Amino acid sequence: MIHSEGAESVRSLIENIDPEAVQRTKQTKREGLKPLDNISTGVVLRFAPNPNGPLSIGHARGVVINHEYASMHDGKMVLRFDDTDTIVKPPMKDAYEWIIEDYEWLTGSKPDIVVRASERMPVYIRYAEEMIRKSAGYVCECSAEEFRALRVSKKACPHRGRSVEENIEAWGKMLDGRFSPGDAVVRVLTDMSLPNPALRDWPAWRIQHEAHPMVGNSYLAWPLLDFQSAIEDHEQGVTHIIRGKDLMDSTRKQKLLYDHLGWKYPETLYWGRVSIHGSGSFSTSEIRRGIESKMYSGWDDPRVPTLRSMRRRGFDPVALRSFWVDMGVTQKDVAVAMESIEASNAASIDSTSRRISLVSDPMSIAIQGELPREIVLPFHPDDEKAGTREISLASGTAIIEKEDLKNSFRLKGLANVESVGGIFEIGSVERDDDRPIIHWLSPDSSVTCELVMAIGDELNIMSCLVEDADLESGEVVQLERKGFARVEKWSPNSRKLLWLHR
RNA sequence: GCUCGUGUGGUGUAGUACGGUCCAUCAUUCCGGGUUUUCAUCCCGGCGACCCGGGUUCAAAUCCCGGCACGAGCACCA
């Protein structure tokens, strides 16, 4: 019957049995992050940066999502410094403190646990030995090139079958410096015939003789990320790992290690790559070079995509958090525009930003007619509590942007004006037509200031005129008709604004 | 080459585990209109999408197979 009658009759058939089954309900969008699975025993999440510089905008997602999940499930958050490489990405002593500051600014809270891998070396050494004694790992003396060839041909390396005693002996040589860098690595014993080449006897330890900024020359062999991270996640009781999908093979490698050690691997979520268009896309090391060569003034240079630069320009961490939470965790590679982040920020700060006028390319016009000695304007159109500022009109002139000059326009908050032979006559105080409204300044109530604007790799420093309002250093203001800027300095002899965004 | 992953409007996202409640959610951009003494804010309206092809089924964004596209890993970096 079903076959011949079609969907309609099936629908009515179902309707007779259970009317609710065919009721249509408007679908809704799930709000916030999708809850984690397997949370019955509580959650522990972690954010694990390399301390080779302060946090950049690229780290923000990792900080925000992990932190949000931890607080959403009343769990703990571990901030871990993965600093076991002293050569390729050498740690920077100051960065540890910077990252904690950046973390606290962005999340509004302190991490529950802070751990540096470099202070945990005894733990890693102990587990490496356990692994070797269990014949779950071995010391390999092949060169990188030799092993690469073995990996692709699925062949065992000559050191793979050594006895535990021989391995322990070689391991000791790695630790005490009888081996030189490159002479040997510790590998996790997996299976050379594994279909995924990345998993075949993957390297866990290598030799590095460089001094470490935190622990000096205490160690000559260091664990690689996959080993160190796996051990530390277990030690800290991490329940959920959220990482980039480029690290999927890391999960697989680490699971093989967990199998050797008899541990249960955490739940793992992945996200895709995010590229942010319109923000400088440079790496931490590139920024560092730019600072060293004096191209940038520091890690908070307005041109540089670090969190501290964004903080300095006036970004609101609450807006940043909601931006990343809204994006959620998907494995799609996404491209977002810096303008989107700015729009999110603008929405967040609009209601609290005081309004003032700034003129960057000034010209004076004479105004005449019935003028009050001063007018009072609100600092915010929708919020009386923001207070008011007084503008003196004693001089009978107004300063406007050159590009706003027309024969007829309205000086915002004052009156319509009309050019009569170059002199502007005051007209209606009421707004009674749709002539353009422009912002303006009075020479008696304005001061000069510096407006710093980052445009790509350029720093545009403009000398401007601005209202002499009583601004506070650090506050974010909206420049009428222009956009937002943060007050860097506001003292009688030096006023400096830093451009934020429209 | 081997391995893995992802494809929903311009952008981002919900829905996909249990096919019908989806002629597909929400936000933003864009377009039009309104409010407003800012090109800000706010309000209303509109445009706009399930990668392609087969299959299963009364019914597929959802399940299966095959393509295609894009991305990642195969470092003695993280």
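Throughout, read-outs are computed from the coordinates displayed, never taken from laboratory work. Please read these numbers as outputs of a predicted model, since none were measured by experiment. Quick reminder, even Gly has a Cβ in these numbers, built from the backbone with ideal geometry, and neighbours come from all protein chains shown.
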| note | In degrees, nearest 10, the alpha-carbon axis of helix A:144-153 is tilted away from the dominant principal axis of the alpha carbons of chain A by 70
| said: Viscosity 0.890 mPa s, temperature 25 °C: what is the translational diffusion coefficient of chain A from Stokes-Einstein with a Kirkwood Rh over Cα pairs, rounded to a whole number of µm²/s? | reply: 89
| message | Between A:GLU169 and A:ASN196, what is 0.36 nm times their sequence separation minus the Cα-Cα distance? Round to one decimal in nm. | response | 6.7 nm
| In µm²/s, what is D for the range A:354-501 at 20 °C and 1.002 mPa s, where D = kT/(6 pi eta Rh) by Stokes-Einstein and Rh is the Kirkwood radius from Cα pairs? | 134
| field | In degrees, nearest ten, helix A:164-176 long axis to first principal axis of chain A (Cα) | value | 40
| remark: Between the Cα axis of helix A:7-17 and the main Cα principal axis of chain A, the angle (0 to 90°, nearest 10) is 80
| note | Amide H neighbours of A:LEU497 at under 5 Å, excluding residues fewer than 5 places away on the same chain, with H built from the backbone geometry, are A:GLU450, A:LEU451, A:VAL452, A:GLU488
| query | Using +1 on the beta carbon of Lys and Arg, -1 on that of Asp and Glu, and nothing else charged, what's the dipole of the range A:44-271 about the Cα centre, debye to 20? | reply | 720
| query | Counting other C-beta atoms within 10 Å, which of A:VAL487, A:VAL417, A:VAL123 has the fewest, and how do the rest follow? | reply | A:VAL123, A:VAL487, A:VAL417
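Sort A:THR84, A:THR107, A:THR388 by Cβ crowding within 10 Å, fewest neighbours at the top.
Working: A:THR84 26, A:THR107 22, A:THR388 13.
Ascending number of Cβ neighbours within 10 Å: A:THR388, A:THR107, A:THR84.
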| task | For the range A:44-271, state the average projected area of the convex hull of the C-alpha atoms over all orientations, rounded to one decimal in nm². | result | 12.0
| note | Going residue by residue through the range A:245-250, the Karplus relation 6.51 cos²θ - 1.76 cosθ + 1.60 with θ = phi - 60° gives ³J(HN,Hα) values, rounded to whole Hz and with x marking Gly or Pro, of 6, 5, 9, 4, 5, 5
| remark: Each label sits 7 Å from Cα toward the beta-carbon; between A:SER463 and A:GLU146 the label points are separated, in nm, by 7.0
| message | Just to confirm the filter: which chymotrypsin sites (Phe, Trp or Tyr not before Pro) across the range A:185-280 are DSSP coil and have at most 15 other Cβ within 10 angstrom of their Cβ? | response | A:TRP263
| request: Rank the residues A:HIS212, A:HIS380 as a footprinting-exposure proxy: fewest other Cβ atoms within 10 Å of their Cβ go first. | output: A:HIS380, A:HIS212
| C-alpha center-to-center spacing [the range A:143-220, the range A:484-500] in angstrom | 55
| task | Could you list the GluC sites (Glu not before Pro) in the range A:348-422 that lie in coil according to DSSP, counting only those with at most 12 other Cβ atoms within 10 Å of their Cβ? | result | A:GLU370
